[in-house]
Amino acid sequence: MAERENRRSREDAAPEFADRLVAINRVSKTVKGGKRFGFAALVVVGDQKGRVGFGKGKAKEVPEAIRKATEQAKRSMVRVALRDGRTLHHDIEGRHGAGRVVMRSAPEGTGIIAGGPMRAVFEMLGVKDVVSKSLGSQNPYNMIRATIDGLTKESSPRSVAQRRGKKVADILRREDAPAEAEA
């Protein structure tokens, strides 16, 4: 019994997530007597240390829709490897439907150069320097899905080395090798 209580206290002490409301939309359902209005919310949640997720919720009241979206976002979190804890390891392209986003790593001090929904994802992820562009769909749902799709495709030198059965130093050295051959 005490073990279960300890587990609960550890879960409560788990790192608190930051959340960002990206979009709120009034939706209506036409019924016999007229229209019933509700609200749809789109929320991005992250720990600002490499984990991010998004969720959407619908309810009759705005706070309830936001709560539902936040709960769904916490359940759908993904981990993304960051270089030096501030930027991406390499350039990425993400797609979802007609939405396409291009994300590029950037030198220190660049900041987050991104539009609305993408900016929310990067801030909740903990990225400090990135240059990105949204092409195609401007729908916030599709932009966030495309961004998450691209971020899940990113691979760190550690994961590449592990997959190939090599050392991280061997993987990073190969990037420098062509420059030495030319000199």
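The values are calculated or read from the model by the stated rules, or taken from the named source; none is laboratory data. Keep in mind the model is a prediction, meaning the values are calculated, not measured. We place every Cβ from the backbone using ideal geometry, glycine too, and count neighbours over all the protein chains shown.
General observations
- Comparison of ALA41, ALA59 shows that the only residue that is without any contact (Cβ under 8 Å) to a residue 40 or more places away in the chain, of a type outside the set (Ser, Thr, Tyr), surrounded by 20 or more Cβ atoms within 10 Å (Cβ to Cβ) and in contact with a strand residue (DSSP E or B) (Cβ under 8 Å, 6 or more places away or on another chain) is ALA41.
- A Cβ distance below 9 Å, combined with a sequence gap of six or more or placement on separate chains, defines the contacts here; from segment 78-91, residues that are farther than 16 Å from ASP149 by Cβ and acidic (Asp, Glu) reach residues that are at pLDDT 90 or above and exposed (fewer than 15 other Cβ atoms within 10 Å of the Cβ) in the pairs ASP84/GLU108.
- Single match in VAL127, VAL131 (criterion: of a type in the set (A, V, I, L, M), outside the structural domain of VAL45 (by TED's automatic domain parsing) and in a loop (DSSP other than H, G, I, E, B)): VAL127
- Residues in segment 157-175 that are surrounded by fewer than 13 Cβ atoms within 10 Å (Cβ to Cβ) and of a type in the set (A, V, I, L, M, F, W, C) were compared, and the one that is modelled with the lowest pLDDT is LEU172.
- Test: residue in segment 67-74 that is within 22 Å of the chain's Cα centre (by Cα), aliphatic (A, V, I, L, M) and under 21 Å from LYS133 (Cα atoms): no
- When each of GLU123, GLU154 is tested for being under 15 Å from the mean Cα position of the chain (by Cα) and modelled with pLDDT under 90, the lone residue that passes is GLU154.
- Residue in segment 87-135 that is farthest from ARG158 (Cα to Cα), counting only those that are in contact with a helix residue (DSSP H, G or I) (Cβ under 8 Å, 6 or more places away or on another chain) and hydroxyl-bearing (Ser, Thr, Tyr): SER134
- The one condition from (1) on the phi < 0 side of the Ramachandran plot; (2) surrounded by fewer than 18 Cβ atoms within 10 Å (Cβ to Cβ) that GLY109 does not meet is (1).
- Only one entry in GLY99, GLY126, GLY94, GLY115 is under 14 Å from GLY53 (Cα atoms) and among the small types (Gly, Ala, Ser), namely GLY126.
- Exactly one residue among VAL44, VAL102 is of a type outside the set (Asp, Glu), in a strand (DSSP E or B) and under 30 Å from ILE171 (Cα atoms), and that residue is VAL102.
- Filtering segment 134-163 to residues that are part of a strand (DSSP E or B) and either polar (S, T, N, Q) or not assigned by TED's automatic domain parsing to the domain that holds THR110 (or both) leaves only SER134.
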